Amino acid sequence: MSATPLITIPARKGKAAFVAEGQHVKVVNTHGQQVVDTWAFRRDDMTEFMSMEHSRTAIGRTMPSLGQSMVTNHRRPILTLVEDTSGGIHDTLLAACDRYRYELLGCTEYHDNCTDNLAAALAELGLMPPETPSPWNLFMNIPVGPDRSLSFEPPVSGPGDYVFLRAEMDCVVAFSACPQDIVPINGVDCVPTEAHFQVV
Ligand SMILES: [Zn+2]
């Protein structure tokens, strides 16, 4: 099976790639504690995209088990979770971070954010997102408590852990190494790092 080289998702930045139906994407948490916001859009009509709210209906859970498929806003499978060495904890509940999130956290100057990273990553391919769908936040650990409260915890993954996803349609996938450095979702040190992916 041919594979592209390992592609870097730079720390605090985004990266996108085309993936054909039947190909796989391996997303590697290189340093172990980095959240990777993940999007997938149908290649020939980007208004169809992986949707967290539609996926939760399809899988009947807040995050997929092995073999389950995330679906689009047209309820068609787009990415299937084939393998996962990271502990299986990936958030589907939270929106991508954006300038407004950082302003609310007290930032007075520009802060890198996943929303802008998605747009920049797609722009490198000559594409523009129709909107910023809620991302699949790989490795993000947002437990729901018995009282349904949320907490923001460090990932349970370790260096080199990865997820292996199968594309169920021709799509463009985009990733953002989340630049969150105020809330400890990227590890207790709050230091965002690079991550990597590979199309196989
Ligand atoms: Zn983010």
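Couple of notes before you dig in:
- Restricting attention to the stretch 157-192 and to residues that are under 13 Å from residue 19 (Cα atoms) and of a type in the set (A, V, I, L, M), the residue that is surrounded by the fewest Cβ atoms within 10 Å (Cβ to Cβ) turns out to be 169.
- Filtering the stretch 1-56 to residues that are among the hydrophobic types (A, V, I, L, M, F, W, C) and touching a His at 6+ places or on another chain (Cβ under 6 Å) leaves 6, 28.
- Within the stretch 161-186, the residues that satisfy the criterion of being farther than 15 Å from residue 141 by Cα and within 9 Å of the ligand (Cβ to nearest atom) are 176, 179.
- Which listed residue, of 40, 3, 11, is assigned to a loop (DSSP other than H, G, I, E, B) and either at pLDDT 95 or above or among the charged types (D, E, K, R) (or both): 11
- Some residue of the stretch 130-143 being away from the ligand (no atom under 11 Å from the Cβ), surrounded by 15 or more Cβ atoms within 10 Å (Cβ to Cβ), among the small types (Gly, Ala, Ser) and at negative phi: yes
- The sole residue among 88, 67 that is touching a residue at least 24 places away in the same chain (Cβ under 8 Å), more than 20 Å from residue 172 (Cα to Cα) and either in contact with a helix residue (DSSP H, G or I) (Cβ under 8 Å, 6 or more places away or on another chain) or more than 14 Å from the ligand (Cβ to nearest atom) (or both) is 88.
- Taken together, 112, 116, 98 contain a single residue that is farther than 18 Å from residue 54 by Cβ, in contact with a Ser or Thr (Cβ under 8 Å, 6 or more places away or on another chain), within 12 Å of the ligand (Cβ to nearest atom) and acidic (Asp, Glu), which is 98.
- Test: residue in the stretch 18-27 that is touching a Leu at 6+ places or on another chain (Cβ under 8 Å), buried (at least 19 other Cβ atoms within 10 Å of the Cβ), under 24 Å from residue 112 (Cα atoms) and not small (Gly, Ala, Ser): yes
The values are calculated or read from the model by the stated rules, or taken from the named source; none is laboratory data. Here the structure is a predicted model, which means the values were calculated and not measured. In this analysis, Cβ positions are derived from the backbone assuming ideal geometry, glycine residues included, and neighbour counts consider all displayed protein chains.
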